[in-house]
Amino acid sequence: MQVELGERSYPVEIGAGTLATLGERVAERSGASRAVVITVPPVGRRYGARAMRSLRAAGLKPTRIDVPDGDATKNLRQVEKLYHALLEARADRHTVLVALGGGMVGDLTGFTAASFLRGIPFVQVPTSVLAMVDASVGGKTGVNLREGKNLVGAFHQPRLVSIDIETLRSLPARERSAGLAEVVKKAAIWDRGLFARLERDAEALLALDEKALVPVLTRAVEIKAEVVAQDERESGVRMLLNFGHTLAHAIEALLRYRGLLHGEAVAIGMIYAAARSEALGFAPAGTAERIEALCRRLDLPTEPPDHPRSAYLAAMAVDKKKRDSRIHFVVLDGIGAAHTVPLLPSEVAAGLPRGAARRKKGKS
Ligand SMILES: NC(=O)c1ccc[n+]([C@@H]2O[C@H](COP(=O)([O-])OP(=O)(O)OC[C@H]3O[C@@H](n4cnc5c(N)ncnc54)[C@H](O)[C@@H]3O)[C@@H](O)[C@H]2O)c1
Ligand SMILES: [Zn+2]
């Protein structure tokens, strides 16, 4: 598969066992003479040696740098530490960085590559579902600030994205489900055939059945690549990828990024946005129910956490994607098609309970 961005185009490969031969493609795609692998301990411990071996075999004299796991590490202090470690490893413009890990490693490594010596090549080797279908393709890199997530960054396209689905075996089940939520999102806005496939194969996907997984991941990456190729800098169609994210970001902020994974918040946000789409007359009745049923089968939460509407409103009003006090809210026209409508935060939140909702038990 190819992400088409003129002279910055790059291939995305998906397969089982690709890590063992990664080095050849890294050398070929980057033209580098050495490689630095950046990873986190849970991933490096399992797959670091395999990656290093193949890079060494390709003559790339690899060095490995482990950073602490968790999104709290995705910050400027860590970037600076990486610059020093890179200099110590004698990295120069002929060095390629290899991001081996989830989206956090990808964003941190990508931003470091974008800025070190004003930009050196990098390669994405995503090992979480979320990173495979979302974070690794598109060239958005960046770090968090104390004031908010992903507030500092750069567009820097990788030279190659190499996906080895075998690495998913060690990914915690909750992380698998959360990553699949982003696949549900892509299907909901773009491809009803993919949505139907998800409905057919939900359990097989959770079990990482290769026959179910490879076509779904491939299609999900294709959709991201299509959208990015049409709209590299996120002005038009790329905004559709924010489906479910207005409420998700508010939920995450209200929970102070604890308790729910991003994909879990997105599942709740998508069901809510689909219900709003129905209420606003864009989507046919039953659209939200279909998304909710699929999310349940993928072991994803479906109900917003218990906060009054006013709290959600306050959280949404600081969403950085909001413009002129209106939110470009992504609504569905049905499963597989979407557009944005400019809505006031109050119109977005109209479907939330006014007071703190009592837990709805046994709601179908
Ligand atoms: N650049 C983009 O376009 C973009 C898009 C979406 C998300 N993101 C970013 O991606 C990050 C989230 O990505 P994520 O969900 O992959 O989180 P993550 O990178 O923090 O990984 C989640 C957890 O899974 C572990 N893990 C990853 N792969 C594993 C494996 N194969 N085996 C065992 N454990 C494994 C990680 O160590 C971590 O503990 C956030 O920082 C987010 O801002 C970026
Ligand atoms: Zn997301």
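The values are calculated or read from the model by the stated rules, or taken from the named source; none is laboratory data. Since the model is a prediction, treat every value here as computed from it, not as a measurement. Every residue, glycine among them, receives a Cβ derived from its backbone with ideal geometry; neighbour counts consider all protein chains shown.
Data for the structure
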{"item": "Filter result for the condition that a residue is more than 8 Å from ligand 1 (Cβ to nearest atom), crowded, with 24+ Cβ neighbours inside 10 Å and under 22 Å from residue 49 (Cβ atoms), over 163, 189", "result": "163"}
{"item": "Number of the condition not met by residue 208 [criteria: (1) surrounded by fewer than 20 Cβ atoms within 10 Å (Cβ to Cβ); (2) in a helix (DSSP H, G or I)]", "result": "(2)"}
{"item": "Enumerated helices (runs of 4 or more DSSP H) restricted to the range 237-300, each holding at least 1 residues that are touching an Asp or Glu at 6+ places or on another chain (Cβ under 8 Å) and within 16 Å of ligand 2 (Cβ to nearest atom)", "result": "245-254, 262-279"}
{"item": "Residue 19 being modelled with pLDDT of 95 or more, farther than 27 Å from residue 149 by Cβ, in contact with an Asp or Glu (Cβ under 7 Å, 6 or more places away or on another chain) and surrounded by 21 or more Cβ atoms within 10 Å (Cβ to Cβ)", "result": "yes"}
{"item": "Any hit, the range 226-238, residues being buried (at least 22 other Cβ atoms within 10 Å of the Cβ), under 20 Å from residue 132 (Cα atoms) and either out of contact with any Ser or Thr (no Cβ under 9 Å at 6 or more places or on another chain) or not assigned by TED's automatic domain parsing to the domain that holds residue 313 (or both)", "result": "yes"}
{"item": "Residue within the range 170-181 that is in contact with a Cys (Cβ under 8 Å, 6 or more places away or on another chain) and either within 16 Å of ligand 2 (Cβ to nearest atom) or polar (S, T, N, Q) (or both) present", "result": "yes"}
{"item": "One residue from 9, 54 being of a type in the set (Ser, Thr, Tyr) and free of Cβ contacts under 8 Å to residues at least 12 places away in the same chain", "result": "9"}
{"item": "Pick from the range 114-132, criterion near ligand 1 (Cβ under 9 Å from one of its atoms) and aliphatic (A, V, I, L, M), ranking: surrounded by the most Cβ atoms within 10 Å (Cβ to Cβ)", "result": "132"}
{"item": "Sole residue being of a type in the set (Lys, Arg), modelled with pLDDT of 95 or more and over 19 Å from the mean Cα position of the chain (by Cα), chosen from 296, 309, 323", "result": "296"}
{"item": "Among the candidates 142, 148, residue that is surrounded by 15 or more Cβ atoms within 10 Å (Cβ to Cβ), within 15 Å of ligand 1 (Cβ to nearest atom) and of a type in the set (Gly, Ala, Ser)", "result": "142"}
{"item": "Residue, nearest to residue 272 (Cα to Cα), within the range 166-186, restricted to residues that are surrounded by 15 or more Cβ atoms within 10 Å (Cβ to Cβ) and of a type in the set (Gly, Ala, Ser)", "result": "181"}
{"item": "Hits in the range 133-175 (condition: in a loop (DSSP other than H, G, I, E, B) and either under 15 Å from residue 1 (Cα atoms) or not small (Gly, Ala, Ser) (or both))", "result": "136, 137, 138, 146, 147, 156, 157, 158, 159, 171, 172"}
